[in-house]
1. Compute the distance in nm between two label points, each set 7 Å from the Cα along the Cα-to-Cβ direction, one at R85 and one at N105.
2. Please determine, in degrees from 0 to 90 and to the nearest 10, the orientation of helix 143-159 with respect to the longest principal axis defined by the Cα atoms of the chain, where the helix direction is its Cα long axis.
3. Of P176, L100, T115, which is farthest on the positive side of the dipole of the stretch 96-187, counting Cα position, with +1 on Lys and Arg Cβ, -1 on Asp and Glu Cβ, and the Cα centre as origin?
4. May I ask for the equivalent-ellipsoid semi-axes of the chain, computed as the square root of five times each C-alpha gyration tensor eigenvalue and listed largest first in whole Å?
5. Can you give the percent of C-alpha pairs in the stretch 1-90 whose distance is more than 19 Å?
6. Using Cα atoms only, what is the angle between the long axis of helix 121-135 and the major principal axis of the chain, expressed in degrees (0 to 90) to the nearest 10?
7. Please get the size of the charge dipole for the chain, origin at its Cα centre, with Cβ charges of +1 on Lys and Arg and -1 on Asp and Glu, quoted in debye to the nearest 20.
8. Hey, what angle do you get for helix 64-83 against the long axis of the chain, alpha-carbon based, 0 to 90 degrees rounded to 10?
Amino acid sequence: MSDAEYELRFMKAGIEQLESYLLSRDVFRPIGIPNKASEPPYPQLTLGWLLLFQLRARAVSQTSKQQSELKRLEAEMEVVRSKWRTAWSNKAAAEFRSRLNLWTNFLNDFETDPTDNLDRFPYEVTRRVQLDLLMEEIFELPKADRDALNGLDVLLNAIFIPGDFVWEPIFKPSFPKARFWYLYGSLRVDQGA
């Protein structure tokens, strides 16, 4: 079960590094914070992860202290985003292309060997969520990238079985089904078998 402190710790560390990250050539940067033994390791700092952790923190911040900390962090993030808007958009675009390639690779792997790749879906679909979040941060997403994502969504729809939310239920309020439909189901393994 996720707790708000895990999400907020990532946001705090990411926002402390955000300006230098935006002005660097890095797309992926080690965040450099330890996790507790009972927690999963933290991912690298990217805008996609920062935006995802923000949404997850909104879902799990229960106490007034946690909600206050989240509001403070969101305000700090917005200050940096506003100050470095072009760098933010460019970083989002670079990450979008990288995530698009990774999502493509997963769907290709799944098509090749559905049984061996089915259990990867709850993790790999994180990339699709990040693509959704990053699209909103890019001034103008190239048509080729938009078309590629639409093509992958057509493929995903062909193998998708609507069902339960794939992540921890506590996150569900931040990921409405109307927008994040691909988080509500699983993949079909019996294609042509």
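Quick note: the coordinates plus some simple rules give every number you see, no bench work behind them. Not measured: the values here are computed from a predicted model. All Cβ positions, glycine included, derive from the backbone under ideal geometry; neighbour counts span all protein chains shown.
1. Here the modelled spin labels are 3.5 nm apart.
2. So the inclination is approximately 50 degrees.
3. Towards the positive end, the residue furthest out is P176.
4. On the way: eigenvalues 162, 88, 43 Å².
Equivalent-ellipsoid dimensions as semi-axes: 28, 21, 15 Å.
5. Working: 1485 of 4005 pairs.
Summing the P(r) of the stretch 1-90 above 19 Å gives 37 percent of all pairs.
6. Orientation of helix 121-135: about 60 degrees from the principal axis.
7. Working: 25 positive and 28 negative charges, 130 e Å.
Here the chain has a charge dipole of around 620 debye.
8. Helix 64-83 sits at roughly 90 degrees to that axis.
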